[in-house]
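Below is one structure, written out as structure tokens, with a few remarks after it.
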Amino acid sequence: MSIQSEIKRVTTHNLQAMKHAGEKIAMLTAYDYSMARILDDAGIDILLVGDSASNVMAGHETTLPITLDHMIYHAQSVVRAVHRALVVVDLPFGSYQSNPGKALESAIRIMKESGAHAVKLEGGAEVEEAIQRILKAGIPVMGHLGLTPQSIYKFGTYAVRAREEAEAAKLREDARLLAEIGCFSIVLEKIPADLAGEVARSVEPPIIGIGAGPQVDGQVLVTHDMIGLTKDFQPRFLRRYLNLYESMLEATRSYIRDVREGDFPNEKEQY
Ligand code: KIV
């Protein structure tokens, strides 16, 4: 019997045990009740209320505009739907970078007002103190290294990170630091597969990859991309399991046609 199939409610401890047992961890994003319900019923291990809500829910170009209040609203909706998955919520841009006290206050608001189980934030040594303050309050923290979208204006591009040795060395250091201070897991986004594998083998916490190859301990995708609700975002790492954009386009066109032709509602669809 696998650990994963025995879990009634996913905890950070289960995830660590899965890593030790060599069982891969499946994580997806969720921002609303209906979607979270389906993903949880399907047996997803971690649901991330990602600040990618800024892109896929609100239509912003970057993750920067989303606020702490918005994140808490999305997290509340997800938590109401979930019976099994661990719910992790992104600390949005501006809610933790300025000082560790503010970071702790933001994390506490998320935990208190949404009922989520953990927070995630982007960065390594620069946010060490913020992470330590949050961890000291008993709040589990997931790290996020590699392509960190909240720093898009520093990077200037969404291209693969840490191809150069200097950046790869900093990433190895940051991963070691996050593991040492007690992050329960780390997301590695869009970095070379061999580097991600090396990091996963060298630190204790489970490493969850997105565009980081197969040698890590688990994978995450933005659900809207995975089910094909988005259509213009087509990075090489993305596998689409559905083409919901096309299916919904077809369904909506059929509905419009039926309404216009007086075919909907029919006799059975009225009182
Ligand atoms: O916000 C998000 O969806 C994320 C994932 C891409 C890991 O941080």
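Please treat every number below as a calculation from the coordinates, not as lab data. These numbers were taken from a predicted model, which means no experiment stands behind them. Note that we place each Cβ from the backbone using ideal geometry, even for glycine, and neighbour counts take in every protein chain shown.
Things to note:
- Stretching the chain fully between TYR158 and LYS112 yields a gain of 13.2 nm (0.36 nm per residue, less the alpha carbon separation).
- Approximating the spin labels as points 7 Å out from Cα along Cα→Cβ, the SER98-to-SER202 distance works out to 3.6 nm.
- Loop-located trypsin sites (Lys or Arg not before Pro) in region 185-271 (DSSP state other than H, G, I, E, B) with a sparse environment of at most 12 neighbouring Cβ atoms within 10 Å: ARG236, ARG239.
- GNM top mover of SER114, SER77, SER34 - the chain, alpha-carbon springs below 10 Å: SER34
- Once the Cα atoms are used to define both axes, helix 165-181 deviates from the longest principal axis of the chain by about 90 degrees.
- Working note: Karplus 6.51/-1.76/1.60 with θ = phi - 60° gives region 251-266 the couplings 4, 5, 5, 5, 4, 4, 4, 5, 5, 5, 8, x, 7, 10, x, 9 Hz, where Gly and Pro are set to x.
- Angle of helix 12-21 to the longest C-alpha principal axis of the chain, folded into 0 to 90 degrees and rounded to 10: 80°.
- Furthest towards positive pole of dipole, ILE210, LEU135, ILE227, structure part region 3-240, Cβ charges: ILE227
- Least to most buried among MET57, MET1 (fewest other Cβ within 10 Å first): MET1, MET57
- Near LEU28: Cβ cut-off under 12 Å, other residues only, Lys/Arg at +1 and Asp/Glu at -1. The net charge is -3.
- Restricting region 97-176 to trypsin sites (Lys or Arg not before Pro) in coil, as DSSP defines it, with at most 14 other Cβ within 10 Å: ARG163
- Legend: ranking of residues ILE186, ILE72 from fewest to most surrounding C-beta atoms inside 10 Å; resulting order ILE72, ILE186.
- Structure-based [θ]222 nm, the chain - -39500 (n - 2.57) summed over DSSP H runs of at least 4, per residue, nearest 500: -12500 deg cm²/dmol
- Those GluC sites (Glu not before Pro) in region 49-123 that DSSP places in a loop and that have at most 11 other beta carbons within 10 Å: GLU61
- Restricting attention to the chain, the count of lysine pairs at 8 or more positions apart or across chains with alpha carbons under 22 Å apart stands at 19.
- Between the helical axis of 193-202 and the longest alpha-carbon principal axis of the chain there is an angle of about 60 degrees.
- Order of GLU189, GLU6, GLU167 under a 10 Å beta carbon neighbour criterion, fewest first: GLU6, GLU167, GLU189
- Model label zone, GLN234; criterion: amide N under 13 Å from point 7 Å along Cα-to-beta-carbon; scope region 60-81: none
- In plain terms, the bigger the Kirkwood radius, the slower the diffusion; for region 49-182, with that radius from Cα pairs, at 4 °C and 1.567 mPa s, Stokes-Einstein puts D at 85 µm²/s.
- The simple spin-label model puts a point 7 Å past each Cα toward its Cβ; for ALA125 and ALA251 those points are separated by 5.0 nm.
- Cα-centre dipole for the chain with unit charges at Cβ (Lys and Arg positive, Asp and Glu negative), debye to 20: 300
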